[in-house]
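A quick write-up on the structure given underneath.
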Amino acid sequence: MDDRSFLKSFEDLTLPFKQWTHRAHVKMSYLYLSSQPFDVALDRIRSGIKAYNAHNNVPESPTSGYNETTTVAFAHLIAAVMRAYDKTHPVKSADEFCDMHPQVMSKHVLRFFYSPQRRMHPLAKTQFIEPDLAPPPRIR
């Protein structure tokens, strides 16, 4: 599926839930971050995930559902990788970005920045909490 079709299926909530993987999260984030300023892209990422989860009846619990800290931290990480590599190693698609940057393809990469207790703190679900192990990458 090309980038335009992928993003349309995400936005109109027709992307099959079994395809809503970590890679799909990264692709969606990359597509918004590559076409909009960070703050606008982050708002689209947030609202898109929340709408998609609601449409697919994803339960909200301490370990399931939308997590603001995870969303913001991954958006910062993806944006930092884009800023660092786009000029020297441009990509033509979200899939190519994912393939070229395996460092963001692990769901566990945030473990370099957050202890489990910090990232899974109840407040982390609803507000961004700064990392406690290492500072977030700079994007500006």
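The values are calculated or read from the model by the stated rules, or taken from the named source; none is laboratory data. The model shown is predicted, which means the values in this text are computed figures rather than measured ones. No Cβ is skipped: glycine too gets one built from the backbone with ideal geometry, and neighbour counts run over all protein chains shown.
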Name the pairs whose Cβ atoms lie under 7 Å apart, with the first residue in the stretch 123-138 and closer than 18 Å to Ile78 by Cβ, the second among the aromatic types (Phe, Trp, Tyr) and not in a loop (DSSP other than H, G, I, E, B), and 6 or more positions between them or separate chains? Ala134/Phe112
Any idea which residue in the stretch 61-95 is surrounded by the most Cβ atoms within 10 Å (Cβ to Cβ), counting only those that are in contact with a Lys or Arg (Cβ under 8 Å, 6 or more places away or on another chain) and under 24 Å from Leu13 (Cβ atoms)? Ala94
So if I check each of Ala24, Ala84, Ala79, which one is under 27 Å from Ala134 (Cα atoms) and touching a residue at least 40 places away in the same chain (Cβ under 8 Å)? Ala79
For the stretch 69-88 the number of residues that are modelled with pLDDT of 95 or more and not in a helix (DSSP H, G or I) is 0
Filter result for Gln103 (out of contact with any strand residue (DSSP E or B) (no Cβ under 9 Å at 6 or more places or on another chain) and not in a loop (DSSP other than H, G, I, E, B)): yes
Of the residues in the stretch 115-129, those that are part of a loop (DSSP other than H, G, I, E, B) and surrounded by 12 or more Cβ atoms within 10 Å (Cβ to Cβ) number 5
Can you confirm whether the stretch 118-140 contains a residue that is polar (S, T, N, Q), modelled with pLDDT under 95, over 19 Å from Pro37 (Cα atoms) and more than 16 Å from the chain's Cα centre (by Cα)? no
Read through the list (1) exposed (fewer than 15 other Cβ atoms within 10 Å of the Cβ); (2) free of Cβ contacts under 8 Å to residues at least 40 places away in the same chain; (3) closer than 16 Å to Gln127 by Cα, then give the number of the only condition that Leu42 fails. (1)
